[in-house]
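The values are calculated or read from the model by the stated rules, or taken from the named source; none is laboratory data. All of these numbers come straight from a predicted model, not from anything done at the bench. So basically every Cβ, Gly included, is an ideal-geometry build from the backbone, and we count neighbours across all protein chains shown. SASA here: full protein model, heavy atoms, side chains in, ligands and nucleic acids out. Shrake-Rupley method; radii C 1.70, N 1.55, O 1.52, S 1.80 Å.
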Amino acid sequence: MATKLDYFDQMGKLQSKSTLISTSQEGDGRQALILDSTIFHPQGGGQPSDTGLISSADDSFKFVVEDVRSKGGIVFHYGCFETGEEEFGSGKLDGKEVFLFVDKARRNLNSRLHSAGHLIDVCLEGVGLGHLKPGKAYHFPDGPYVEYQGTVQQDKWQTKQQELEIEANALISKGGKITAATLSYEEALQLCGGSLPDYISKSSNPRIVTLGNYPGCPCGGTHVPDISDINSLKVTQLRSKKGMTKVFYNVDS
């Protein structure tokens, strides 16, 4: 049974209840908990995973979550036991009610970085880079960037870098709600300006994230509630190579 992703609808929620379905151990020795629902974001979509703590309602165990991954719709919470490890794998933990606690500082930084990447997408048209088409993104703190199909002339790299930063920070100052909703394909198509990536099936119900009044885009990550919560954005580099353009950026800690 697929894990219910509670953060899809409640991106700001950092504590919740769930039920422990089972425990597992990987070939590399890592221990994992599988729950019926989770507020932990698994690594994916260019965003690192949440970390935090899972504890049983009856205080029989505490489990430190160090990494979270999704496989075939099932979310695995990897980590180690603070207490109660002796019952791991015995089946005695299955069915227990558990409390989930997501590390607030890490989630906030990851959400700000992810939202900032989408904000750069929004700014392209306004600085004359509307010909660039979205590619992959990397929203990890050690070097976030967004990549696009298309190029920018080298003599314009520094100018466009500065213009993107000015445009993005102007929108941050103005603010605007950031929302996420799971929609029918037709509703998603309309919200995204009449175009969706080819990898999204017409029979699916994609999750669409929208920044303010700008067209939305498919996204499974977490975001801050308002554009203003990004605080500030620094575009550190823009460069084009082999038909692709990368925009490197960061946000204040």
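Calculated on the Cα set of the stretch 107-251, radius of gyration then Dmax: 14.7, 45 Å.
Within the accessible area of the stretch 80-179, the carbon and sulfur atoms contribute 48%, probe 1.4 Å, all protein chains present. Label positions at Lys234 and Asp59, each projected 7 Å from the Cα along the C-beta direction, are separated by 4.6 nm. When every Cα-Cα distance of the chain is counted in 10 angstrom steps from zero, the calculated P(r) takes the values 7, 29, 30, 21, 10, 3, 0 percent.
Using Cβ point charges alone (K and R +1, D and E -1), the dipole size of the chain about the Cα centre works out to roughly 840 debye. Loop-located chymotrypsin sites (Phe, Trp or Tyr not before Pro) across the stretch 155-245 with a Cβ neighbour count of 15 or fewer within 10 Å are Tyr199, with loop assigned by DSSP. Computed over neighbours whose Cβ is under 11 Å from that of Pro134, the net charge equals 0, Lys and Arg +1, Asp and Glu -1. Net charge dipole, the stretch 107-251: roughly 340 debye, given to the nearest 20, about the Cα centre with Cβ charges of +1 for Lys and Arg and -1 for Asp and Glu. Projecting each Cα onto the charge dipole of the chain (Lys/Arg +1, Asp/Glu -1 at the beta carbon, about the Cα centre), which of Gln10, Leu35, Gln162 comes out farthest on the positive side? Positive-end residue among those listed: Gln162.
Please give the FRET efficiency for Arg106 paired with Thr159, using the beta carbon to beta carbon distance and R0 = 51 Å, rounded to the nearest 0.05. In this case the efficiency is close to 0.90. Ordered from largest to smallest accessible area (heavy atoms of protein chains, 1.4 Å probe), the residues Tyr214, Tyr148 come out as Tyr214, Tyr148. When the Cα positions of Ile21, Ala180, Gly72 are compared along the charge dipole of the chain, Ala180 comes out farthest toward the positive end, with charges on each C-beta of Lys, Arg, Asp and Glu.
Under 12 Å from the Cα of Lys133, which aspartates and glutamates turn up, not counting those fewer than eight places away in the same chain? Counting by Cα, and skipping residues close in sequence, Lys133 has these aspartates and glutamates nearby: Asp121, Glu125, Glu147.
Measuring nothing but how far apart in sequence close Cα pairs (under 8 Å, 6+ apart) lie, relative to its length, the chain scores a relative contact order of 20 percent. Rounded to the nearest 10 square angstrom, Met244 shows an accessible area of 60 square angstrom against a 1.4 Å probe. Taking each of Lys4/Lys136; Lys13/Lys136; Lys4/Lys96; Lys156/Lys234; Lys160/Lys246 in turn, the alpha-carbon distance tops 20 angstrom for Lys4/Lys136; Lys13/Lys136.
The magnitude of the dipole of the stretch 4-102, with charges of +1 and -1 set on the Cβ of Lys/Arg and Asp/Glu and taken from the Cα centre, is near 300 debye. Computed on protein heavy atoms with a 1.4 Å probe, the accessible areas place Cys123, Cys80 in the order Cys80, Cys123, largest first.
Sorting the Cα pairs of the stretch 196-243 by distance into bins of 10 Å, from 0 upward, gives 18, 34, 35, 13 percent per bin.
The calculated P(r) of the stretch 24-79, using every Cα pair and 5 Å bins from 0, goes 4, 19, 30, 27, 14, 5, 1, 0 in percent.
Find which of Gly44, Leu124, His223 sits farthest along the positive direction of the dipole of the chain, computed with +1 on the beta-carbon of Lys and Arg, -1 on that of Asp and Glu, about the Cα centre. Of the candidates, Leu124 comes out farthest on the positive side. The distance separating the Cα centre of the stretch 125-142 from that of the stretch 160-194 comes to 12 Å. Compactness of the stretch 4-102 was expressed as the Cα radius of gyration divided by 2.2 N^0.38 Å, which yields 0.98.
Taking only the Cα atoms of the stretch 62-169, the ratio Rg/Rh comes out at 1.19, with Rh defined as the Kirkwood radius.
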